[in-house]
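The values are calculated or read from the model by the stated rules, or taken from the named source; none is laboratory data. No experiment lies behind these values; they were computed from the predicted model shown. Heads up, the Cβs are rebuilt from the backbone with ideal geometry, glycines too, and the neighbour counts pull from every protein chain shown. Surface areas here come from the heavy atoms of the whole protein model, side chains and all, with no ligands, DNA or RNA. Shrake-Rupley method; radii C 1.70, N 1.55, O 1.52, S 1.80 Å.
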Amino acid sequence: RCLVGSEMCIRDSYKGVSKLESFFVAVVTVLLVLVVFIQVVNRTLIKATIAWPEEAARYLMVWQVFLASVIAFRQGANCCIDVLINRFHGKVRMAMTCFANAVCLGFALVVTVMALEVMQTQIAFNQTSTALRLNMAFVYAALPTWGILFILELIFMTIQVFKPNAFTEKTGEEAPSA
């Protein structure tokens, strides 16, 4: 069904990645709410404090922020300064958008590679969290996960510069904002 290089393949891939990201953000958010609820119940009703919900909430929030930031980027909900790019039209605007995407891509690649190195260190030294005894590589995995998703989003946005309708269906669905 998905032929390499076809617009349908690009659109289906984009939708699949978007749905997967949204699903994981929803799961992490539900887990975060449950863990915080457990801690609130323990503190107010049982009058006891346990450490693992606080730690779990902290790590879930890290994951939530990095996963949701890619969605925010896709929707144009993040802070950005595009005054310069918006002053131009046509091929100059396309070139400037591609340059901005390339700079972001470089940043994402550096962060991803460095985070993978930190993860390797965490695995090698088997550093675990205090309360959950969770290998810290899991927590640090949020960074390369963000990097990979961000890079995919940049690729999709760059494709959209050259093929504005690459993510629209014939029914008139709007393309993602760049």
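Are any of the residues in the stretch 128-135 in a helix (DSSP H, G or I), out of contact with any strand residue (DSSP E or B) (no Cβ under 9 Å at 6 or more places or on another chain) and either over 16 Å from Phe66 (Cα atoms) or not hydroxyl-bearing (Ser, Thr, Tyr) (or both)?
No: the stretch 128-135 contains no residue that is in a helix (DSSP H, G or I), out of contact with any strand residue (DSSP E or B) (no Cβ under 9 Å at 6 or more places or on another chain) and either over 16 Å from Phe66 (Cα atoms) or not hydroxyl-bearing (Ser, Thr, Tyr) (or both).
Only one of (1) aromatic (Phe, Trp, Tyr); (2) touching a residue at least 12 places away in the same chain (Cβ under 8 Å); (3) closer than 30 Å to Phe162 by Cβ fails for Tyr140. Which number is that?
(3)
Just to be sure I understand, how many residues within the stretch 49-90 are over 23 Å from Ala131 (Cα atoms) and not aromatic (Phe, Trp, Tyr)?
Going through the stretch 49-90 one residue at a time, the tally reaches 22.
What are the residues in the stretch 34-53 that are of a type outside the set (A, V, I, L, M) and in a helix (DSSP H, G or I), if any?
Answer for the stretch 34-53, where residues must be of a type outside the set (A, V, I, L, M) and in a helix (DSSP H, G or I): Phe37, Gln39, Asn42, Arg43, Thr44, Trp52, Pro53.
So Lys15 clears everything in (1) assigned to a helix (DSSP H, G or I); (2) open to solvent by less than 40 Å² (accessible area, probe 1.4 Å) except one condition, right? Which one?
With (1) assigned to a helix (DSSP H, G or I); (2) open to solvent by less than 40 Å² (accessible area, probe 1.4 Å) applied to Lys15, the lone miss is (2).
Can you pull out the residues in the stretch 29-61 that are open to solvent by less than 50 Å² (accessible area, probe 1.4 Å) and in contact (Cβ under 8 Å) with a residue 12 or more places away in the chain?
If the condition is that a residue be open to solvent by less than 50 Å² (accessible area, probe 1.4 Å) and in contact (Cβ under 8 Å) with a residue 12 or more places away in the chain, then Thr29, Leu32, Val35, Gln39, Pro53, Glu55, Ala56, Ala57, Tyr59, Leu60 are the ones that fit.
Give the stretch 77-125 a look and list any residue that's open to solvent by 100 Å² or more (accessible area, probe 1.4 Å) and of a type outside the set (Phe, Trp, Tyr), or say none.
Cys79, Ile81, Leu84, Arg87, His89, Lys91, Met114, Gln120, Ile123
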